[in-house]
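What follows is one structure encoded as structure tokens, with my remarks underneath.
The values are calculated or read from the model by the stated rules, or taken from the named source; none is laboratory data. Just so it is clear, the model here is predicted, and its values are computed rather than measured. Ideal geometry is used to build each Cβ from the backbone, glycine not excepted, and the neighbour counts take in all protein chains shown.
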Amino acid sequence: MHFLPEDVFDLCLGRAKKLMGPEKYNSWLSNASFRSFNDGVFTVGLDSEIRANFVTHNYKDHLEELLREVTGDSDVSVVFTHIPETLSLGRVNNSSRHELFSNFLKPSYVFDRFIQGPNNRLAYATAYSVAYEMGQSSTNPLFIYGGVGLGKTHLIQAIAHHIKDNHPDRTFCYISSEEFLTSYVRALMPHKNTAREMENFKDKFRNSHYLIMDDVQFLAGREGTQELFFHLFNDLYLRGRQIILTSDRPPHEIEPLEERLISRFQSGMVVDIKPPMLETRLAILNQKLKDENIQLDKEIVFYLAETVKSNVRQLEGAVNLLAANIRIQHLVLSLENVRSIITEYLGASSRRLNPSSITSTVGEFFGINPNALKGKKRKREILVPRQVSMFLLRDLTNLSLEEIGSFFGRDHSTVLNAIKRVNSMMSDDSFFKRKILDIRESLLG
Ligand code: ADP
Ligand code: MG
């Protein structure tokens, strides 16, 4: 998905309106329309020669300043021209059916294959109702949050599948917030000659009945993207379009996120998914074993359900591992075999992702002794890696802010600040960001 120069221009017009006041704005700029963007030059049409001249003399500098601010590119400029009435038709509308990004939908992520239990039932029911009846104010936006591997992506893709299969008249746009970010950054690069492609995309996007965005926590700390997202959100929302979002945490814990976005996110329905209880884990296991065509003694299934409990992805991982063992070694698995395979499996992931492993990996990357991270020193060489460790602990484990704080002998607000700091350093400094991503990857092995 791409953000077009057109979006950027609209955004600046909005800001100009605030700065100029409605009266001046209405006399001069209200019918300004974006025409093209080439080599860093925005061409803007106005409906009369006089207007175009006046605006050029009086507002060009201001608009350029705004455009530069939004794009972060100090070379962009704007040209105003008179576009005769017959030519200024506004934007092309393409109302054909769209399934944006539906190639990212996993065929198995459908409602029928989502096992319900007390800890995900509300999320399931709400997702289901939104798939049937969109845009109800009580469930718009729908915001689903919960830890990793608990079925958020599965549920929102189920909505997309449902629309695809049952409502040919409705369109949706399914995207992760990371893709959204990347596209935003790409659209701000003036050199790409993807104007037509972008134009098509843009129309599709605006025409979507459903905006489905996964993992919105990645918008944290990205101010430019947040602003554009806010406008997009409002545009769709005001036209009764359904918005569906997921995150690994509730809206108010996404930091730093603009206050107005937080309140938008909270204005519909916020539901959480918690780790599944034993019965649900059993049911999920049985479904998965059936898929893999594996038969195990009841006793073994029960052992698995009891032991592998942090999330569903982990449960699936365990079944895949057993399946591989059966296939490769043609083993008939006994409880003993399974016990040792699973002990090793759980050990490996908990060895990798716990406070000491994370701080020691961070220590390695920054070339400092991990013990110093738990100490009191506030020198920058220590402070930054300490903040990074807190950030990664929050990101990669299910520990609460308090628990992370107590590992470092600090309180939860220190941890929250650290996360904020790291987010903002990551968006300011691509080198730093790369480093964090490398550490993260090495931890995820
Ligand atoms: P999240 O997006 O919350 O990290 P996913 O939606 O990717 O989690 O789920 C991880 C895996 O677990 C997926 O393969 C998904 O199909 C499966 N899964 C999660 N919850 C359930 C459930 N309630 N019933 C069946 N499968 C589930
Ligand atoms: Mg997900």
Requested in this report: Could you tell me whether Leu211 is modelled with pLDDT of 85 or more, assigned by TED's automatic domain parsing to the domain that holds Ala131, away from ligand 2 (no atom under 16 Å from the Cβ) and surrounded by 19 or more Cβ atoms within 10 Å (Cβ to Cβ)?
Outcome: yes
Requested in this report: Look through the stretch 27-85, keep the residues that are in a helix (DSSP H, G or I) and of a type in the set (Lys, Arg), and return whichever of them is farthest from Gly224 (Cα to Cα).
Outcome: Arg51
Report summary line: Scanning the stretch 134-148 for residues that are within 11 Å of ligand 2 (Cβ to nearest atom) and surrounded by fewer than 19 Cβ atoms within 10 Å (Cβ to Cβ) gives Gly147, Val148
Report task. Could you please find all residues in the stretch 395-416 being at pLDDT 90 or above and either closer than 18 Å to Phe366 by Cβ or surrounded by 15 or more Cβ atoms within 10 Å (Cβ to Cβ) (or both)? Result -> Ile404, Gly405, Ser406, Phe407, Phe408, Arg410, Thr414, Val415, Leu416
Requested in this report: Give the residues of the stretch 154-180 that are part of a helix (DSSP H, G or I) and surrounded by fewer than 17 Cβ atoms within 10 Å (Cβ to Cβ), sorted by residue number.
Outcome: Asp165, Asn166, Glu178
Query raised in the report: Name the residues in the stretch 288-342 that are more than 16 Å from ligand 1 (Cβ to nearest atom), modelled with pLDDT under 90 and basic (Lys, Arg), would you?
Result: Arg327
**Report entry** Restricting the stretch 217-262 to residues that are within 16 Å of ligand 1 (Cβ to nearest atom), surrounded by 21 or more Cβ atoms within 10 Å (Cβ to Cβ) and touching a residue at least 60 places away in the same chain (Cβ under 8 Å), the residue that is nearest to Met390 (Cα to Cα)
**Finding:** Ser247
Query raised in the report: What residue, of Glu292, Glu253, Glu258, Glu223, is more than 16 Å from ligand 2 (Cβ to nearest atom), within 28 Å of Tyr128 (Cβ to Cβ), among the charged types (D, E, K, R) and assigned by TED's automatic domain parsing to the domain that holds Tyr145?
Result: Glu253
Query raised in the report: So which helices (runs of 4 or more DSSP H) stay within the stretch 359-439 end to end and still have 3 or more residues that are over 23 Å from Pro250 (Cα atoms) and either of a type outside the set (Phe, Trp, Tyr) or outside the structural domain of Val216 (by TED's automatic domain parsing) (or both)?
Result: 370-373, 380-396
